[in-house]
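Coordinate-derived values only; no laboratory data. Just so it is clear, the structure is predicted and the values come from calculations on it, not from any experiment. For neighbour counting, all protein chains shown are included, and Cβ atoms are generated from backbone atoms with ideal geometry for every residue, glycine included.
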Amino acid sequence: MKISSNQIQIIVLWTLCLIGMILHFNYHVSKIFYGINVVRPGAEGKIPAMAQLLKTVYYHLPMIYILLLLYFKQKWFRLTMFLISVPYTVSHIFHVIGEFKKPVIDFYAQVPLLSLILIISVVLNIASWNYYKREQQLSE
């Protein structure tokens, strides 16, 4: 199995996004250590279906993409990886905007982290597009 530098670059970027999202959650729950109540208002002791869906989208799917990137190089797959990266970036744009709408803005942890993840996801878009175009040119 030969892995191109484009594949490695995209795998690293997906991994960084995944680590960033794990840190994002960690920053939320780490407030417990300082006696800050992190329970969402109206929480009833059950994890909502939307929270489960978001975990799948931001934690599980990137791991699947990384695995698939190791084994697939077809044109349709390269285009699919680019198309998947775009809504991921759009969601991060809204996530950063959402942080600025909160009553207390976390300029020391969440805002810098989410801004960094947004930058990484934009670079992921560019790298995924370049992978699609470059590999397409190599196969022609």
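Brief remarks on what is shown
- Scope region 117-133; condition β-branched (Val, Ile, Thr) and surrounded by fewer than 22 Cβ atoms within 10 Å (Cβ to Cβ); matching residues: 119, 120, 122, 123, 126
- Residue check, residue 104 surrounded by 13 or more Cβ atoms within 10 Å (Cβ to Cβ) and hydrophobic (A, V, I, L, M, F, W, C): no
- Residue list for region 93-115, restricted to those being part of a helix (DSSP H, G or I) and free of Cβ contacts under 8 Å to residues at least 60 places away in the same chain: 93, 94, 95, 96, 97, 98, 99, 100, 111, 112, 115
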